[in-house]
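This report refers to the structure that appears directly beneath it.
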Amino acid sequence: MTHDHDHVSCDTHAHSHAHGGNLLGHGHSHGEINYNRAFAIGVGLNLTFVVIEVVFGLFANSLALLADAGHNFSDVLGLLLAWGASVLGNRRPSARRTYGLRRSSILAALLNSLILLIAIVMIAWEAIGRLIHPDAVATGTVMIVASIGVVINSATALLFMGGKEHDLNIRGAYLHMAADAAISLGVVVGAFMISITSWVWIDPLLSLLIAVAIGIATWRLLRQSLDLSLDAVPEQIDLTAVRSFLGQLPGVAEVHDLHIWAISTTETALTVHLVKPEATVDDDWLAEISEDLRQQFQIGHATIQIENGVSKVPCKLAPDHVV
């Protein structure tokens with residue numbers, strides 16, 4: 001089949017300015033909740049707790065506390081990255097950056113993952129050394145400080161609970177804080193076990209378990225953020241289903257050059273060529289498709305090119321392997 005780029009506009013666009021496409025399957029608008037206050041409180045609480053853990057970790061000779069302090073500091077950096085990306089993502093588009101700085105949220109999630117990986121290596125290295133040369137631990141101090149961590153991390157996690165299903169950045173912050181609360185609880189339990197058994201190797205063993213827990217929580221965030229930074233189809237969107245939906249539209253004979261990617265951690269875009277013989281430009285029809293894409297697939301920024309298929313020059317972008 002051939003394609004005509006002259007009989008109808010080559011740049012027929014259908015945009016849903018509600019920007020309902022997000023990475024986790026829920027729509028939103030530009031009036032979404034502002035998390036600036038949550039970030040400020042979270043950073044303040046966790047930075048204070050990092051200082052407390054370092055001071056008392058050294059005093060109590062607890063690698064578990066020092067390891068958790070390092071992890072919490074990486075979370076502070078992560079919160080700052082996510083916060084900065086959230087602010088940058090709301091900046092208006094410019095002539096040079098026509099999508100604005102929305103992609104910064106994806107880069108922040110990727111950097112956050114890399115910071116956590118570095119923390120994992122450091123924690124594991126120190127823990128192995130302490131397993132070889134175990135040291136005594138002031139269990140009472142450890143239990144008190146770690147208990148404070150349970151409260152602070154749980155409170156911070158609650159600040160982000162409302163947005164964890166809508167934004168990869170917010171979900172990352174929530175998961176980190178929730179995991180930290182669980183880890184701090186584990187430190188409390190470990191210190192108690194040391195106090196009744198005198199098995200000092202429990203402390204470095206807990207550090208290794210902390211590293212494993214961070215790794216598990218980080219892996220999905222790393223994989224998702226890396227995929228999105230490389231313009232992969234967001235994992236909750238079924239490309240085959242989208243293609244089938246477009247191919248079954250009235251009058252559409254062929255679908256090609258279909259691309260779906262993330263503009264940010266909350267917005268998804270699509271471009272596609274639809275071959276519609278004897279087509280005429282119909283803005284209402286395009287608007288209806290755009291709205292259906294938003295409602296059914298959470299794709300909020302759709303660009304649709306209509307071709308009537310009578311051109312003697314085939315569309316060079318029709319083959320699937322051509323980008």
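Quick note: the coordinates plus some simple rules give every number you see, no bench work behind them. A quick note: this is a predicted structure, and the numbers were derived from the prediction, not measured. Positions of Cβ are generated from backbone atoms using ideal geometry, with glycine treated the same way; all protein chains shown enter the neighbour counts.
How high is the FRET efficiency from THR98 to LEU58, r the C-beta distance, R0 41 Å, rounded to 0.05?
It comes to 0.20.
Under unit Cβ charges (Lys, Arg +1; Asp, Glu -1), what dipole magnitude, rounded to 20 debye, does region 160-244 have relative to its Cα centre? Write down the numbers at each step before the final one.
Numbers: 5 positive and 8 negative charges, 17 e Å.
Approximately 80 debye in magnitude.
Please list, ordered by chain and number, the residues whose modelled amide H lies under 5 Å from the amide H of GLY100; skip anything fewer than 5 residues away on the same chain.
Amide H neighbours of GLY100, under 5 Å, 5+ apart: SER94.
Name the long-range amide H neighbours of GLU307: under 5 Å, sequence gap of 5 or more, or other chain; modelled H, no Pro or chain starts.
Those lying under 5 Å, H to H, from GLU307 are LEU274, VAL275, LYS276.
If I take R0 = 51 Å and measure r between the Cβ atoms of HIS259 and SER147 in this structure, what FRET efficiency does the formula 1/(1 + (r/R0)^6) give, to the nearest 0.05?
So, using R0 = 51 Å, E works out to roughly 0.50.
For THR271 and ALA40, calculate 0.36 nm times their separation in residues minus their Cα-Cα distance, and state this gained length in nm to one decimal.
The span from THR271 to ALA40 would gain 79.4 nm if fully extended.
Give the long-range amide H neighbours of LEU258: residues separated by 5 or more places, or on another chain, with amide H under 5 Å away, using H modelled in the peptide plane at 1.01 Å from N.
HN-HN under 5 Å from LEU258: HIS273.
Once the dipole of region 36-229 is set up with Lys and Arg at +1 and Asp and Glu at -1 on Cβ about the Cα centre, which of ILE152, GLY100, ALA191 lies farthest towards its positive end?
The one lying farthest along the dipole's positive direction is GLY100.
Working out 0.36 nm times the residue gap between GLN295 and ARG223, then minus their Cα-Cα distance, what length gain in nm do you get to one decimal?
Extra length available between GLN295 and ARG223 comes to 23.3 nm.
Quick one: what are the phi-derived ³J(HN,Hα) couplings along region 132-149, Karplus 6.51/-1.76/1.60 with θ = phi - 60°, whole Hz, x for glycine and proline?
Whole-Hz 3J(HN,Hα) from phi for region 132-149: 6, 10, x, 10, 5, 10, 7, 4, x, 5, 4, 4, 5, 5, 5, 5, 4, x.
What FRET efficiency would be calculated for the residue pair MET122, THR280, taking the C-beta separation as r and a Förster radius of 56 Å, to the nearest 0.05?
0.30
Karplus couplings for region 226-239 from phi (6.51 cos²θ - 1.76 cosθ + 1.60, θ = phi - 60°), rounded to Hz, Gly and Pro as x?
Listing the rounded values in order: 5, 4, 5, 5, 9, 6, 6, 5, x, 5, 7, 9, 8, 4 Hz.
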